[in-house]
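Chemist: Mind looking over this structure? Questions follow.
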Amino acid sequence: MKNIASSFTLPNGSVLKNRIAKSAMSENFGTRNQAPSKGLINAYKVWAKGNPGLLITGNVMVDSMALGEARNVVVEDYKDFELLKKWARSVEGTGVHLWPQINHPGRQAFAAINRETVGPSAISLSLGSASKMFKIPIALSDEAIWDIIKRFGNTARIMKEAGFTGCQIHGAHGYLVSQFLSPNSNIRTDQWGGSLSNRARFVLEVYREIRRQVGPDYPIAIKINSADFQRGGFTEEESMEVIRFLGNEGIDLIEISGGTYERPAMIQGDRKKSTISREAYFLDYIEKARKLIKTPLLLTGGFRSVSVMEKALEGGNLDVVGLARPFCLYPNLANQIFDGSVERFETPIPQIGIKFLDKLGGVELPWYELQIQRIGKGKSPKTNLLAILAFWFSLKSLFFKSFWKNK
Ligand SMILES: Cc1cc2nc3c(=O)[nH]c(=O)nc-3n(C[C@H](O)[C@H](O)[C@H](O)COP(=O)(O)O)c2cc1C
């Protein structure tokens, strides 16, 4: 128990009070105008009382014209600053760090809720019949790329001013940063495409711009794929190179994950039973990464048993354990680990039997989002919540948002 409960000091001096982090989960729980809702802020109050070292918010978008989900929070100016301050104060008095995850969806933006879609290159998502839900992206101009880079810095600075204690770049799961990294979605022939150092230019410039806007001592993390798990995609060797670049730049914490919408390795329903029972999906990668860089490492994906978390930490390759789905059903999770009342955090795989939707996480993700919304509304999570309700919730939110997108 000593290891998981012990504090961890980041190189910049920020202290996480223990080794447990809530990884980012899109709550889809903002207001219709993309501001943090009362319920969203309340969910963070509940989680903070649960006592983890770090809470990373669901992805906060940098541009209201580029949404991943209908109810994403967007921070591009000061219009919701008072609500952002309230959100930052949700952890007040607990010593828990609260960091927003900052994101741009690029081509992973539903056509129903976005007027236009952009990406590094005009290559559409390859999702079989589900591809119709997404437009072919418009390849970004050099000027538009720099605009998005500035937006990442702008969002991070506003959130810092509101009181958030660090931030994370979403560089994983096939969103814009990860699209630039992958030769499958980036076939540019200018300084942003081609060689790995060109494909990595976008993420490095995003990091530098955030650093410029938040100052030298503020924690900046990144979530990055260990690989895309797709033929011709971003490989493990390339991922290792990129974390080395980021480590050299002085990034404070690197979180490892994997997958994209096309190959959703972050969805439980897409995994083999043996992998699920092994837990800690990307542990092999972390072992190699530790030899390469000194930057603190956070590993997320599959952790369910306290003994597995402890063992991973004891191995010495990993500094912080990240969990996502368990936080939706066990909001008091860290306390339950410390008092020994729970050894294993079970997380069901809700499905409705429509193969492409189940594989894409079209039911699983909204089912967990609904659990977050229950927490925010002061209710207990409900493990027997009907999967079909989650599917309906997700359709409904896309449908309603589609009426507002052209305003
Ligand atoms: C409802 C839901 C929403 C998610 N949203 C995000 C997100 O906004 N950003 C992100 O980096 N990962 C997101 N993820 C992925 C998780 O952070 C995590 O990487 C993944 O669920 C594996 O961890 P777990 O096995 O502990 O759930 C989401 C996962 C779920 C279940």
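Chemist: Find which of Thr383, Val321, Ala66 sits farthest along the positive direction of the dipole of the chain, computed with +1 on the beta-carbon of Lys and Arg, -1 on that of Asp and Glu, about the Cα centre.
Modeler: Thr383
Chemist: Got the relative contact order for the chain handy, in percent, Cα pairs under 8 Å and 6 or more residues apart?
Modeler: 17 percent
Chemist: Considering amide H positions built from the backbone, and no H for Pro or chain starts, which residues 5 or more places from Glu255, or on another chain, come under 5 Å of its amide H?
Modeler: Residues meeting the criterion, in which the H sits 1.01 Å from N, are Ile222, Lys223, Ile224, Leu298.
Chemist: Given Cα positions, please report Rg to Rh for the stretch 2-404, the hydrodynamic radius being the Kirkwood one.
Modeler: Rounded to two decimals, Rg over Rh is 0.92.
Chemist: Can you tell me the FRET efficiency between Glu143 and Glu92 if r is taken as the Cβ-Cβ distance and R0 is 45 Å, rounded to the nearest 0.05?
Modeler: Plugging the Cβ-Cβ distance into 1/(1 + (r/R0)^6) gives 0.65.
Chemist: A further question on this structure: Only Cα pairs under 8 Å and at least 6 apart count here; give the relative contact order of the stretch 279-407 as a rounded whole percent.
Modeler: 18 percent
Chemist: Would you pull out the residues with amide H under 5 Å of Asn18's amide H, same chain only if 5 or more places away, H placed 1.01 Å from N?
Modeler: Phe8, Gly53
Chemist: Within the stretch 222-268, report the trypsin sites (Lys or Arg not before Pro) that DSSP leaves as loop and that have at most 12 other Cβ atoms within 10 Å. Can you show the working numbers first?
Modeler: On the way: sites: Lys223, Arg231, Arg244; in loops: Arg231.
Answer in residue order: Arg231.
Chemist: Please give the contour-minus-distance gain from Ser124 to Glu241: 0.36 nm per residue of separation, less the Cα-Cα distance, rounded to one decimal in nm.
Modeler: So the chain would gain 39.5 nm between Ser124 and Glu241.
Chemist: Add -39500 (n - 2.57) for each DSSP H run of 4 or more in the chain, then divide by its residues: what number comes out at 222 nm, to the nearest 500 deg cm²/dmol?
Modeler: -11000 deg cm²/dmol
Chemist: Would you mind ranking Met159, Met65 so that the residue whose beta carbon has the fewest other beta carbons within 10 Å leads the list?
Modeler: Values: Met159 25, Met65 14.
Lowest to highest Cβ neighbour count: Met65, Met159.
Chemist: Right, here's the next one. Multiplying the sequence separation of Leu389 and Val46 by 0.36 nm and subtracting their Cα-Cα distance, what value in nm do you get?
Modeler: Residue separation times 0.36 nm, minus the Cα-Cα distance, leaves 121.1 nm.
Chemist: Continuing with this model, one more query. Which of the peptides 145-158, 29-42 is most tightly packed, and how do the rest follow, going by the mean number of other Cβ atoms within 10 Å of each residue?
Modeler: Taking the mean over residues of other Cβ atoms within 10 Å, the ranking is 145-158, 29-42.
Chemist: List every residue whose amide H lies under 5 Å from the amide H of Ile102, counting only residues 5 or more places away in sequence or on a different chain, with H placed 1.01 Å from N in the peptide plane.
Modeler: Long-range HN contacts for Ile102: Val60, Gln168, Ile169, His170.
Chemist: Please name whichever of Trp47, Gly302, Trp392 sits farthest to the positive end of the charge dipole of the stretch 2-404, dipole taken about the Cα centre and charges placed at Cβ: Lys and Arg +1, Asp and Glu -1.
Modeler: Most positive-ward Cα: Trp392.
Chemist: Related question: Sorted by mean Cβ packing within 10 Å, highest first, what order do the peptides 45-54, 125-134 take?
Modeler: Final packing ranking: 45-54, 125-134.
Chemist: Quick one: of the DSSP bridges fully inside the chain, what percent are antiparallel, nearest 5? Provide the component values of the computation, followed by the final result.
Modeler: Numbers: 5 of 37 bridges.
Around 15 percent antiparallel, to the nearest 5.
Chemist: Something else now. Full-extension gain between Asn248 and Lys379, please, as 0.36 nm times their residue separation minus the C-alpha to C-alpha distance.
Modeler: Fully extending the segment from Asn248 to Lys379 adds 42.7 nm.
Chemist: Please work out the FRET efficiency for the pair Ser131 and Lys38, using the Cβ-Cβ distance as r and a Förster radius of 30 Å; give the result to the nearest 0.05.
Modeler: 0.25
Chemist: May I ask you to evaluate 6.51 cos²θ - 1.76 cosθ + 1.60, the Karplus curve with θ = phi - 60°, for each residue of the stretch 26-39 and list the ³J(HN,Hα) values in order in whole Hz, giving x for glycine and proline?
Modeler: Each residue of the stretch 26-39 in turn: 4, 8, 6, 9, x, 7, 4, 9, 6, 9, x, 8, 4, x Hz.
Chemist: Under the Karplus relation 6.51 cos²θ - 1.76 cosθ + 1.60, θ = phi - 60°, what is the ordered set of whole-Hz ³J(HN,Hα) values for the stretch 121-128, x standing for Gly and Pro?
Modeler: Values per residue, Gly and Pro as x: 9, 7, 10, 7, 5, 9, 10, x Hz.
Chemist: Only loop residues by DSSP count here, and only those with at most 14 other Cβ atoms within 10 Å; note down the trypsin sites (Lys or Arg not before Pro) in the stretch 83-116 that meet that.
Modeler: Answer by residue number: Arg115.
Chemist: Fewest Cβ neighbours within 10 Å first, please rank Ser274, Ser185 accordingly.
Modeler: The fewest-first ordering by Cβ neighbours comes to Ser274, Ser185.
Chemist: Treating the beta-carbon of each Lys and Arg as +1 and of each Asp and Glu as -1, no other charges, what is the dipole magnitude of the chain about its Cα centre, to the nearest 20 debye?
Modeler: I would put it at about 1020 debye.
Chemist: Right, something else. Along the charge dipole of the stretch 91-152, Cβ charges K/R +1 and D/E -1, which of Ala111, Ile138, Ile149 sits furthest on the positive end?
Modeler: Comparing the listed Cα positions along the dipole, Ala111 ranks first.
Chemist: Spin-label point model (7 Å from Cα, Cβ direction): what's the Phe81 to Lys311 distance in nm?
Modeler: Those two pseudo-labels are separated by 5.1 nm.
Laboratory data are not the source of any read-out in this text; all were calculated from the coordinates shown. Since this is a predicted model, take the numbers as computed values, not measurements. All Cβ positions, glycine included, derive from the backbone under ideal geometry; neighbour counts span all protein chains shown.
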